[in-house]
Amino acid sequence: MSASPTKTFDSDFFRKALVFSGGVHLSILFSFIVRGFLFPSNTLVFESAMRVDLIALPDKAMPEIITENPQKEEKKASPPVPAPKELPTKELPPLENELDLSKTKKKQKQALDKLKALESIEKMEQEIAPKSNAVKGNQVSSGNDLTGLQKLQYNQYISMLRTHIKKNWYKPDWLKRNLICYVQIFIDEKGFIIGQKMIKSSGHKNFDQLATETIAKASPVPVPAAKYQAILKTEGLTLKFGETE
Amino acid sequence: MILKFSISLVGALFSFGAFAQFETADLENSKNIILKLGEGQTKKSLVALPSIQFLGNPQINPDFQKLGIELYEVIQNDLLFSTFFQIIPSRNYLEDPSKTTLQKFDFDKWRQIGTEFLVRGGFKIIKDQIELEIYAYDVAQKSAVVSKKYLGNKRDVRRLAHTFSNDFVEALSGQKAFFLSKFVVSSDRSGSKTKEIYLMDWDARNLEQITFHKTISFSPNWSPDGKSILYSSFAQRKKTKTRNPDLFLYELASKKLQHFSYRIGMNTGAHFMPDGKNIILTLSQGNNADIYRLDLDGEISKKLTQGPLGAMNVEPSPSPIGDKIAFSTDRSGNPMIYVMDKNGGNPERITFAGKYNASPAWSPDGKKIAFAGWEVDHFDIFIINADKTNLKRITQAKKPGGKWSNNEDPVFSPDGRFLIYTSDRYGPKQILISNLDGSEERRITQDSYNYFRPKWSKNLD
């Protein structure tokens, strides 16, 4: 008995409330539409969503700066120089010019001898290299190709050599980047670099000179195993200084 | 043969230097193993810099010692700050430079102590003029890298020395150094409650005050030609007797001061565009601090940022070629560095780390942006590539009390090799310089005043 009037009252109230609510909503909507036409708002700027993270900023990483102590001059083992008497004395016109520049005759003679020695070794190497491996007559050359384990060991040696030479390879900060030169070096059985040849210059005098100095400083290098001594002495190795960015 | 020809043909298609390309490729592909040694480590070159000799008559010119010392000190300081060189102490010399001439001496005696470059200089005084004759020799090559005579007024003795340093570094590196450049900076030198605008040489010498408003003058900046300075100031307006952060343009030669932009609210952080025909700055018209572009009459030619939603957009900094503008904005919550096109399009967020990133500055090659970043309790300097990669911290130093110091307002050097910034690690905010990796930090100003927002000019005539 008591449930039915309550029900009627509820549904009446609900209907009225619904109509009222609908009316209010429509009028709000209408007023917004009218406002939109009569008072256009400023242009809205739509921008793509941004990632908003809180990431810690990185710590400072300090690079290593190399400075030289000017008081100490590094003394390195000098490469073996063949006795001057064995050497040819021809074909050295550029050295003659250098004579005029220097004054101390004694020192200059020593330097000259050393340069002659190096140059002649280079020449001798060039002459000897192709002949030594040539197969002549009824003999079989052992050849220079390395395979299998030998190849692996050789690669390991090369990597050791790279680390060794790299330690000596530094250049001044003012020298431009993107300079490259290729130098061929020849290593004897004791690890001494017995000759070097600039295959491709960087075009920059200082850079080429630094490469040459690096090689001189790096000698002697780790002693190569007997198996690949011939390759290193005759065919040599090519070093690439610098890199393209 | 055919193969070789086709390879070289392909090379020719890809490069003008076809021959060189082919040669290198040939080398790399040859049977020989190539040991790649890379760029190598960098080292400083050893320079011997004996005293600058006086070549005139000491009795006629009693001030020769002072001038000689000044010439020497400027060159020494320049060479050390270039970070290319290490100077050999004179006690190591094997030859007494005073007993030889500028051009006749024994190269070997210098080579033996490891000298790579020898600088020999001498000077004469002719009335009010100084003639500096100076040589820089490559000791290994036994040849002169620089051999010059500079003539200038006695007053400009530092300038003569800087000019030589510039020539020496350029002869070696092929790139102009910055020894004839200046800073413009706001400082409290004239009183702790005011800030005025000052000019100084890059080595903090030849200080010159250029504003006398007796109020807060700040955010100075150079015009691209180095002849004018833009700055903001709370200078009192003559008619209304009110104060507002207005923008001024000051011509250095004529000392003409122009009240450039005086809109109500901020007229700050002004920066010339690289073409010198427009100025970008922050104006706070209405509620928002936004970036605007003004023409040289001070009229707004474009509003470059549009809020949004009450966000501030400040500290605009144009890229070196003027195609982009870096700025800081808090539109994404915390203030971060953004880059947009010169007309305001395509805003792109560059930094995502830290809580507060501000005051962006471009490197001269347009590849890097330096900024000050706040994480917990202090600002430090950071560099990020413009492509958002490679974020690096440049500074991290404690004050004597043990707290972290604030390092702010970074600017790249004109040659792009260095950064300067202000730091309070010594107490007052001083100007420091460092390499781009944060190494070789050195103090430039050596006093007890505060410096704010230094800006670096190009080499000035």
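The values are calculated or read from the model by the stated rules, or taken from the named source; none is laboratory data. Model, not experiment: these values are computed from the prediction. Cβ atoms come from the backbone with ideal geometry, glycine included; neighbour counts cover every protein chain shown.
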Worksheet item: In segment A:221-230, what residues are surrounded by fewer than 20 Cβ atoms within 10 Å (Cβ to Cβ) and either over 24 Å from the mean Cα position of the chain (by Cα) or within 10 Å of another protein chain (Cβ to nearest Cβ) (or both)?
Response: A:Val223, A:Ala225, A:Ala226, A:Lys227, A:Tyr228, A:Gln229, A:Ala230
Fill in: Filter pass, A:Tyr154 being within 9 Å of chain B (Cβ to nearest Cβ) and either over 18 Å from B:Lys43 (Cβ atoms) or surrounded by fewer than 19 Cβ atoms within 10 Å (Cβ to Cβ) (or both)
yes
Discussion item. If I filter segment B:60-106 down to residues being closer than 22 Å to B:Lys148 by Cβ, more than 13 Å from chain A (Cβ to nearest Cβ) and of a type in the set (D, E, K, R), which single residue comes out as surrounded by the most Cβ atoms within 10 Å (Cβ to Cβ)?
Written reply: B:Asp78
Practice prompt. Scan segment B:84-115 residue by residue and report those that are acidic (Asp, Glu) and out of contact with any helix residue (DSSP H, G or I) (no Cβ under 9 Å at 6 or more places or on another chain).
Written response: B:Asp96, B:Asp106
Item to complete: Would you please name the residue that is surrounded by the most Cβ atoms within 10 Å (Cβ to Cβ), looking only at residues in segment B:107-151 that are touching a Pro at 6+ places or on another chain (Cβ under 9 Å) and of a type in the set (D, E, K, R)?
Response: B:Arg120
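Results for (1) out of contact with any Lys or Arg (no Cβ under 7 Å at 6 or more places or on another chain); (2) closer than 25 Å to B:Phe218 by Cα; (3) part of a loop (DSSP other than H, G, I, E, B), shown as yes or no for each residue.
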{"position": "B:Ile381", "(1), (2), (3)": "yes, yes, no"}
{"position": "B:Pro400", "(1), (2), (3)": "yes, no, yes"}
{"position": "B:Glu408", "(1), (2), (3)": "yes, yes, no"}
{"position": "B:Asp415", "(1), (2), (3)": "no, no, yes"}
{"position": "B:Pro428", "(1), (2), (3)": "yes, yes, yes"}
{"position": "B:Ile431", "(1), (2), (3)": "yes, yes, no"}
{"position": "B:Glu440", "(1), (2), (3)": "yes, no, yes"}
{"position": "B:Asp447", "(1), (2), (3)": "yes, yes, yes"}
{"position": "B:Phe452", "(1), (2), (3)": "no, yes, no"}
Discussion item. Within segment B:438-460, does at least one residue satisfy the condition of being among the β-branched types (Val, Ile, Thr) and within 25 Å of B:Phe327 (Cβ to Cβ)?
Written reply: no
Fill in: Per-region count, segment A:161-179, residues more than 7 Å from chain B (Cβ to nearest Cβ) and more than 17 Å from A:Ser202 (Cα to Cα)
4
Fill in: Filter pass, B:Gly269 being of a type in the set (Gly, Ala, Ser) and surrounded by fewer than 17 Cβ atoms within 10 Å (Cβ to Cβ)
no
Worksheet entry | Identity of the residue in segment A:180-198, more than 10 Å from A:Gly236 (Cβ to Cβ) and within 9 Å of chain B (Cβ to nearest Cβ), that ends up farthest from the chain's Cα centre (by Cα) | A:Tyr182
Item to complete: Inspect all residues belonging to segment A:203-222 and state whether any of them is touching an Asp or Glu at 6+ places or on another chain (Cβ under 6 Å) and modelled with pLDDT under 90.
Response: no
Worksheet entry | segment B:360-381, subset at the interface with chain A (Cβ under 10 Å from one of its Cβ atoms) and over 17 Å from B:Arg453 (Cβ atoms), residue surrounded by the most Cβ atoms within 10 Å (Cβ to Cβ) | B:Glu375
Discussion item. I'm trying to understand the selection: among the residues of segment A:190-215, which are in a helix (DSSP H, G or I) and either in contact with a Lys or Arg (Cβ under 8 Å, 6 or more places away or on another chain) or farther than 21 Å from B:Ile33 by Cβ (or both)?
Written reply: A:Lys205, A:Asn206, A:Phe207, A:Asp208, A:Gln209, A:Leu210, A:Glu213
Response to the item:
For B:Leu118, the lone unmet condition from (1) within 30 Å of B:Thr445 (Cα to Cα); (2) free of Cβ contacts under 8 Å to residues at least 40 places away in the same chain is (2)
Practice prompt. Name the residue, out of B:Val314, B:Val339, that is assigned to a strand (DSSP E or B), surrounded by 15 or more Cβ atoms within 10 Å (Cβ to Cβ) and within 14 Å of chain A (Cβ to nearest Cβ).
Written response: B:Val339
Discussion item. On the basis of being in contact with a Pro (Cβ under 8 Å, 6 or more places away or on another chain) and within 18 Å of B:Ala289 (Cβ to Cβ), does B:Asn357 make the cut?
Written reply: yes
Worksheet item: Taking strands (runs of 3 or more DSSP E) that fall entirely within segment B:36-112, which contain at least 1 residues that are touching a residue at least 40 places away in the same chain (Cβ under 8 Å)?
Response: B:45-48, B:85-87
